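What follows draws every value from the coordinates through simple rules; no lab data is involved. Keep in mind that this is a model prediction, so the values were computed, not measured. In this analysis, Cβ positions are derived from the backbone assuming ideal geometry, glycine residues included, and neighbour counts consider all displayed protein chains.
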Amino acid sequence: MPEDLTPGLFDNFLPDSEDILDEPELLEMFARRVEEMMKGDLDLLLSSLYRLDVEEHKIQCALRSPDVPATYGIAKLIIDRQKEKIMTRKKYGARMNKGDWEGL
């Protein structure tokens, strides 16, 4: 299992098909799963957010937002954090491939 996927958070909620999802669909699926976890296993959700390295102050803002339901706010934070990780890996992975760190 990839290191970014916390066991329990994403189990059995993505579709079985190989179809690529667009971001609104992904947001909807994450929001449903976040809602399930908020109702059934809040501790697992919070520990998963910690392991995914979602900043606590952002979680607090999502929970208090008067405009966006908390489930969607948290789902968006998860997606945004994963995007950040992908961009960081691309940025620094390219440098590593060019040998910038050789000899250290």
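Highest mean packing comes first when the peptides 50-63, 67-80 are listed by Cβ atoms within 10 Å, giving 67-80, 50-63. Normalising by residue count, the range 23-97 has a Cα convex hull of 99 Å³ per residue.
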